[in-house]
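Reviewing the structure listed below.
The values are calculated or read from the model by the stated rules, or taken from the named source; none is laboratory data. Since the model is a prediction, treat every value here as computed from it, not as a measurement. Using ideal geometry, Cβ is built from the backbone for each residue, glycine included, and neighbour counts are taken over all protein chains shown.
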Number of protein chains: 2
Amino acid sequence: MKISTKGRYALRMMLDIAKNGGTEPVSLNDVAKRTDISLKYLEQIVSLLSKNGLLKSRRGAGGGYIMTRTPDKYSVGDILRATEGGIAPVSCLDDEVNMCPHADTCPTLEFWQGLDKVISDYVDKTTLWDIIEKNRIKNGQYDYCI
Amino acid sequence: MKISTKGRYALRMMLDIAKNGGTEPVSLNDVAKRTDISLKYLEQIVSLLSKNGLLKSRRGAGGGYIMTRTPDKYSVGDILRATEGGIAPVSCLDDEVNMCPHADTCPTLEFWQGLDKVISDYVDKTTLWDIIEKNRIKNGQYDYCI
DNA sequence: AATAAATCATAGCTTATAACTATGATTGGA
DNA sequence: TCCAATCATAGTTATAAGCTATGATTTATT
């Protein structure tokens, strides 16, 4: 029941780009230094984010990544769904492919659906802006544990 | 972000024992047949449940496992915590051992704590009785997908 | 007392996934 | 033409999941 590093690092990265980016693109190299994640691993994760339309890229020198919307328009759910492979607590709720043949009689399915819902509701209502705003107070030096 | 088979099977097993047990112990062999889980794997999982006081055992012929309380006194959270190794979405929230050195400045910690809370609240408020009761209506043949 | 049915304990095994690292191609501004 | 960046894909290593296997111990029944 753990979020993987992909999801956690993606959140770090998006927060970093939200803070340090403006009209100019933010290079992954800079993100890597600030977030303490290897450039090569970030490249893999960022590819998921841009494939899913959360970031757009500019190639070549002076390039980098730019947000496609304002921080309050990104839910953490958007970010986790793009990078984890489905955030449902059981795989049969992730998509039609994993949907089980006897879902209609499974005694525990309803319970798992309920759990999925409280998780989804929570991650969908929290935005990047919320997280940034709450941390504005303790403005100083920070480090991520997760 | 998936619950493992240990947690899911433990829930199946507890439901099975709740339904099929009374004053007499329920043997794992019977549980194995009904739930379609291998006896050997069930033995491992049940050991976690009895270590944590969720079941008590009677050894020898005619033995098996008996519930220590009524189904409405078991939350699904009890069962998952006994069998998964901590249900928090990030390991630094599981226990003091994994607690991170710079938790006081981590910008995302509060978000994860909030997620942990909605999950805990949900699994703690749902009991075995709730699940059994909801399935009493569709009384017939059933199969678990999960 | 012997047998069989059960739990209990621990080790091993096989597969999948996580978490990266490495190599190199492509793009585009200075 | 550099060089700084993204992009694409393959390879590597470590860890954990998901079991299976072996055998000991306990206890009701015959």
Of all residues in the stretch B:1-26 being among the small types (Gly, Ala, Ser) and within 12 Å of DNA strand D (Cβ to nearest atom), the one that is farthest from residue B:89 (Cα to Cα): B:10
Those residues of the stretch B:73-86 which are over 16 Å from residue B:45 (Cα atoms) and touching a Leu at 6+ places or on another chain (Cβ under 7 Å), in sequence order: B:74
Count of the stretch B:33-56 residues which are within 14 Å of chain A (Cβ to nearest Cβ) and more than 9 Å from DNA strand D (Cβ to nearest atom): 3
Within the stretch B:66-79, tally of residues that are farther than 25 Å from residue B:116 by Cβ, within 16 Å of DNA strand D (Cβ to nearest atom) and in contact with a helix residue (DSSP H, G or I) (Cβ under 6 Å, 6 or more places away or on another chain): 0
Some residue of the stretch B:65-72 being more than 9 Å from DNA strand C (Cβ to nearest atom), modelled with pLDDT of 95 or more and within 14 Å of chain A (Cβ to nearest Cβ): yes
Test result for residue B:84, in contact (Cβ under 8 Å) with a residue 40 or more places away in the chain and within 16 Å of DNA strand C (Cβ to nearest atom): yes
The stretch A:35-44: number of residues that are within 20 Å of residue B:107 (Cα to Cα) and at pLDDT 95 or above: 3
Helices (runs of 4 or more DSSP H) within the stretch A:1-117 that include 3 or more residues at negative phi and hydroxyl-bearing (Ser, Thr, Tyr): A:39-51
Subset of the stretch A:10-32 (residues that are within 14 Å of another protein chain (Cβ to nearest Cβ), within 16 Å of DNA strand C (Cβ to nearest atom) and in contact (Cβ under 8 Å) with a residue 40 or more places away in the chain): A:10, A:11, A:12
Identity of the residue in the stretch A:100-132, closer than 23 Å to residue B:16 by Cα and more than 8 Å from chain B (Cβ to nearest Cβ), that ends up surrounded by the most Cβ atoms within 10 Å (Cβ to Cβ): A:113
Residues located in the stretch B:16-27, provided they are among the aliphatic types (A, V, I, L, M) and either modelled with pLDDT under 95 or crowded, with 22+ Cβ neighbours inside 10 Å (or both): B:17, B:26
One residue from B:91, B:50, B:57 being under 26 Å from residue A:119 (Cβ atoms) and of a type in the set (Ser, Thr, Tyr): B:91
Among the residues listed as A:42, A:55, the single one being under 13 Å from the mean Cα position of the chain (by Cα) and more than 29 Å from residue B:3 (Cα to Cα): A:55
